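These notes are about the structure you will find just below.
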């Protein structure tokens, strides 16, 4: 449902391509690049925002209409909601 869709939250966006690539733009205008995979029921990603590498993380994903919420640490961390 979320693959190959531009996901927008405020002034930034991300796109998870079918080939496992992750691209986008951060709220500060920095490039987001990385990779992602489905691991069981989690969206696991490894990304850079600008020159900074974020820790690898697996997120729970819930879709409601045209919004998707990602919650870090397998559903136990901070959440962010995007529109598509």
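Shape verdict for the stretch 29-75, please, from the Cα gyration tensor: rounded (a/c under 1.5), prolate (a/b greater than b/c) or oblate.
Numbers: a/c = 2.41, a/b = 1.50, b/c = 1.60.
Since a/c reaches 1.5 but b/c is at least a/b, the shape of the stretch 29-75 is classed as oblate.
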Problem - Residues of the stretch 45-64 with amide N under 19 Å of the 7 Å Cα→Cβ point at residue 73 - result: 45-47, 54-62
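Fewest Cβ neighbours within 10 Å first, please rank 28, 5 accordingly. Can you show the working numbers first?
Details: 28 9, 5 15.
Lowest to highest Cβ neighbour count: 28, 5.
Counting other beta carbons within 10 Å of each Cβ, put 25, 63 in order, fewest first.
Details: 25 16, 63 11.
Least crowded to most crowded, the residues run 63, 25.
I need the calculated FRET efficiency for the pair residue 40 and residue 11, taking r as the beta carbon distance and R₀ as 35 Å, to the nearest 0.05. Each step should come with its number before you reach the end.
On the way: r = 32 Å, r/R0 = 0.92.
Step by step, r from the Cβ atoms, then E = 0.60.
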Problem - Nitroxide proxy distance, nm - points 7 Å out along Cα→Cβ at residue 63 and residue 81 - result: 1.7
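Relative contact order, percent, of the chain when contacts are C-alpha pairs under 8 Å separated by at least 6 residues?
Working: 182 pairs, mean separation 16.6, N = 84.
Once divided by the residue count of the chain, the mean separation gives 20 percent.
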Exercise for the section: Kindly identify the chain as rounded, prolate or oblate by the Cα gyration tensor criterion: order the square roots of the eigenvalues as a ≥ b ≥ c, call it rounded if a/c is under 1.5, otherwise compare a/b with b/c, prolate if a/b is larger, else oblate. Expected result: rounded
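Every number here is computed from the coordinates shown, using simple stated rules; none is lab data. Since this is a predicted model, take the numbers as computed values, not measurements. With ideal geometry, Cβ positions are generated from the backbone for all residues, glycine too; neighbour counts draw on all protein chains shown.
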